[in-house]
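The values are calculated or read from the model by the stated rules, or taken from the named source; none is laboratory data. Note that the structure is predicted; figures quoted are calculated from it, not measured. No Cβ is skipped: glycine too gets one built from the backbone with ideal geometry, and neighbour counts run over all protein chains shown. These area figures cover heavy atoms from the full protein model, side chains too; ligands, DNA and RNA do not enter into them. Shrake-Rupley method; radii C 1.70, N 1.55, O 1.52, S 1.80 Å.
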Amino acid sequence: MKNLQKILKYALNYKKYALLNIISNILSVIFELVAMLLFIPFLNLLFNEKIVIVSSVPTFSFSKDYFEAYFNFTMNQYIADNDKLAALFLLKNLFRYLAMFFIAVMRTGIVKDLRKDIYNKILVLPLSYYSEEKKGDILSRITTDVQEIEFSILNSLEMLFREPISVILSLAVMIAINPHLTLFSLILLPITGLIIGRLGKSLK
């Protein structure tokens, strides 16, 4: 854990890119959730559910009926206008690309700083150190070991920034759509995981 904290300290030099990555991830997840919600009218048609078509902007009121009416109005506009629908998916993919771009800049910057500090450390080491250590081991620490850190730890930075945002926003949308079903799912999920875990152990 201490070694991880030491590595993450290098990320402080790239706070700007970390912030841009978080913002891009938030926007990407929002557009992704909206894109998923676009399929609700088609699912309603598939299961013969009654669809209330809202053709004009509803009057604002802080109530569930207003948000449902506004959502239906927005969905109708998206479905009626293919250009807007295409723009929605374009924005989702654009912000996803930007999030990956910013995290890549951050990753390569951390690796560069690590190699620079290792190089500076090697320059100040006494000559007796080089007589005891193999030259290949020293080169391996600068190249292979640092690259291994990038693959094993820094690759998880993207997941560390994106997944909590995705979970929180997805949970908020689920609660807004159907809080009772969301609560039922949250209760059922650990029970299902426990049953699957016990079945997995019994099969070993």
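Pick from Leu188, Leu183: which is under 30 Å from Met36 (Cβ atoms), loosely packed, with under 11 Cβ neighbours inside 10 Å and modelled with pLDDT of 80 or more? Give the steps one after another, and end with the answer.
Numbers: Leu183 fails: loosely packed, with under 11 Cβ neighbours inside 10 Å.
So the residue among Leu188, Leu183 that is under 30 Å from Met36 (Cβ atoms), loosely packed, with under 11 Cβ neighbours inside 10 Å and modelled with pLDDT of 80 or more is Leu188.
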Cβ pairs under 6 Å, 6+ apart or interchain, first in segment 88-105 and open to solvent by 40 Å² or more (accessible area, probe 1.4 Å), second part of a helix (DSSP H, G or I) and among the charged types (D, E, K, R), ordered by first then second residue, are Lys92/Glu32
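Report, by residue number, each residue of segment 169-180 that is exposed (fewer than 12 other Cβ atoms within 10 Å of the Cβ) and either touching a residue at least 12 places away in the same chain (Cβ under 8 Å) or assigned to a helix (DSSP H, G or I) (or both). Before you say what the answer is, go through the steps one by one.
So in segment 169-180, the residues exposed (fewer than 12 other Cβ atoms within 10 Å of the Cβ) come out as 178-180.
The answer is Pro179, His180.
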Restricting attention to segment 126-167, and to residues there that are small (Gly, Ala, Ser) and closer than 30 Å to Arg96 by Cβ, which single residue is most open to solvent (accessible area, probe 1.4 Å)?
-> Ser152
Since Glu158 meets every condition but one in (1) at pLDDT 80 or above; (2) under 27 Å from the mean Cα position of the chain (by Cα), which condition does it not meet?
-> (1)
